[in-house]
1. With the crude spin-label approximation of a point 7 Å out along Cα→Cβ, what separation in nm comes out for E18 versus D57?
2. Per residue, how many Å² of accessible area does the chain show with a 1.4 Å probe?
3. Can you grab the distance from the C-alpha centre of region 77-133 to the C-alpha centre of region 15-64, Å, no decimals?
4. F93's amide H: which non-local residues (gap 5+, or another chain) put their own amide H closer than 5 Å, with H modeled 1.01 Å from N in plane and none for Pro or chain starts?
5. Suppose R0 equals 25 Å; then what is the FRET efficiency for R46 and T113 from their Cβ-Cβ distance, rounded to the nearest 0.05?
6. Can you work out the Karplus-derived ³J(HN,Hα) for every residue in region 29-46? Use 6.51 cos²θ - 1.76 cosθ + 1.60 with θ = phi - 60°, whole Hz, and x for glycine or proline.
7. Please give the net charge around E43, taking every other residue with its beta carbon less than 14 angstrom from that of E43, where Lys and Arg add +1 and Asp and Glu add -1.
8. Within 12 Å, Cβ to Cβ, of L88, how many net charges do the neighbouring residues add up to if Lys/Arg are +1 and Asp/Glu are -1?
Amino acid sequence: MIRPAEPADYHALRAIQEAALDEYWPELLELGVDGPPICLVVETDRPLGYALVVGGDDVAYVAELAVTPAEQGQGYGSELLAALLDRLRPAGFETIRLTARADDDRVRSFYETFGFDVVDEVADHYDGDGDAVVLARSL
């Protein structure tokens, strides 16, 4: 099930954030569960992942999309991204963007299956620990 995040989700999502992401923003996640950034949760009997999107004008930026490591590869990330795409179109966004590690073929392949293309490259984006690519697609 996909649903909007609620303040009571914060601790569970924070644990997913720490376990699944190399770099993350706890403060942005805290804002996301309260709104206005869009934060969706995928859950069964407990939260398994979340997607956090910050909107600006006609561009939605996926700041974080994370699934607990034990549940990765089971389609939860795909469910989250599909739900985001469905909600962003009618909200008036024209483009969705995100940043990923340039050398992370698994993540890049995941987004490419949803029609994302590399639109930019950013050297040393990850604190000198790796280059990034900016991926985008029209909505």
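The values are calculated or read from the model by the stated rules, or taken from the named source; none is laboratory data. Only a predicted model underlies this, so the values are computations on that prediction, with no experimental measurement involved. So basically every Cβ, Gly included, is an ideal-geometry build from the backbone, and we count neighbours across all protein chains shown. Just so you know, the surface numbers come from the protein's heavy atoms only, side chains and all, with ligands and any DNA or RNA stripped out. Shrake-Rupley method; radii C 1.70, N 1.55, O 1.52, S 1.80 Å.
1. 3.8
2. With the other protein chains kept in place, the chain gives 52 Å² per residue.
3. 14
4. Residues meeting the amide H criterion: none.
5. 0.40
6. Using θ = phi - 60°, the values come out as 4, 4, 5, x, 6, 9, x, x, x, 7, 9, 10, 10, 9, 8, 10, 8, 7 Hz.
7. Net of charged neighbours comes to -3.
8. Every neighbour counted, the sum reads +1.
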